[in-house]
Amino acid sequence: MAILQNVISNEMQKFTFGNYSFVCEAYGVVSLEKLYEKSQNNSTCQESIKSFYKKNPYLQYYTESILKNQVMYHVEFKEKGCVIYVQGKKTLSEVLLEEGLAVSQPSFQDEEYNYSFLKLQQRAKSNKKGLWGEDILKSCVDSLYKDAK
């Protein structure tokens, strides 16, 4: 259990455990913020993400609406990320996928989460939630997966 100090972005949060502070990145997903960083050579993607958040400002800080500062959360470290339980057994990564604010990492292979992540991503895509409601953002995601091959 760790205490949330600050929500940096949908993908990153700062926690404390005793005297130790650490930053967590959502496990197994690529958020729109990370997609923006990864698309530095693609100004169309970057402009699309800026435009998306301009039209949907409440989604840029969506994580702040579900996580509360100074509250304890169950946090597990896994590879280069953190599994943060935010709604019972539901993780922050799953919430971001469900809202269309992230995609599953290319080549993500974790037996515990793989099925859930793909199912939630497909549901967001079918419902045109978040990034899946924007045609240009779909091409940004496609390029992310192509680059991973």
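One table, with the values for the structure above:
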| quantity | calculated |
| --- | --- |
| Matching residues in the range 36-57 - criterion: being under 17 Å from SER9 (Cβ atoms) and among the small types (Gly, Ala, Ser) | SER39 |
| Scan of the range 126-137 for residues that are in a helix (DSSP H, G or I), modelled with pLDDT of 70 or more and surrounded by 16 or more Cβ atoms within 10 Å (Cβ to Cβ), ordered by number | GLY130, LEU131, TRP132, GLY133 |
| Residue ID - surrounded by the most Cβ atoms within 10 Å (Cβ to Cβ), chosen from residues in the range 80-125 that are among the β-branched types (Val, Ile, Thr) and outside any helix (DSSP H, G or I) | VAL103 |
| Conditions (1) among the aromatic types (Phe, Trp, Tyr); (2) surrounded by fewer than 13 Cβ atoms within 10 Å (Cβ to Cβ); (3) in contact with an Asp or Glu (Cβ under 8 Å, 6 or more places away or on another chain); number of the one not met by TYR58 | (3) |
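The values are calculated or read from the model by the stated rules, or taken from the named source; none is laboratory data. The model shown is predicted, which means the values in this text are computed figures rather than measured ones. Heads up, the Cβs are rebuilt from the backbone with ideal geometry, glycines too, and the neighbour counts pull from every protein chain shown.
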